[in-house]
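Visitor: Dropping a structure here in structure tokens format, bear with me for questions.
The values are calculated or read from the model by the stated rules, or taken from the named source; none is laboratory data. Just so we're clear, the structure is a prediction, and the values are computed from it rather than from any experiment. Please note: Cβ atoms are built from the backbone with ideal geometry, for glycine as well, and neighbour counts cover all protein chains shown.
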Amino acid sequence: MLSRFASTTLLDHQEATPSCTDGSNNSTAAGVATRRRINITPDEQRVFALFLAVNEYYKLGCTIRVAGGWVRNKVCPISS
């Protein structure tokens with residue numbers, strides 16, 4: 001199951017307004033979709049693999065999405 005995630009993953013996102021406050025130039029213009037490379041730790045890989053496994057086992061057909069502070073920290077990048 002872990003083979004579905006590489007240690008680096010592309011993240012597609014669309015920002016309404018720049019949200020990085022660390023002084024980096026990692027924000028985009030309003031409404032512009034960008035692709036970024038983010039590093040996924042082995043623990044994070046296991047969590048995502050669990051989400052996918054549950055979705056597949058119970059045949060839920062869900063789209064797995066991650067949002068919130070973790071995503072912000074990965075995109076900006078800010079260590080947590």
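Visitor: Within the range 30-80, count every residue that is in a loop (DSSP other than H, G, I, E, B) and either among the hydrophobic types (A, V, I, L, M, F, W, C) or at pLDDT below 85 (or both).
Guide: So the count comes out to 14.
Visitor: Which one of the conditions (1) part of a loop (DSSP other than H, G, I, E, B); (2) at pLDDT 95 or above; (3) surrounded by 10 or more Cβ atoms within 10 Å (Cβ to Cβ) does residue 26 fail to meet, given that it meets all the rest?
Guide: Among (1) part of a loop (DSSP other than H, G, I, E, B); (2) at pLDDT 95 or above; (3) surrounded by 10 or more Cβ atoms within 10 Å (Cβ to Cβ), residue 26 violates only (2).
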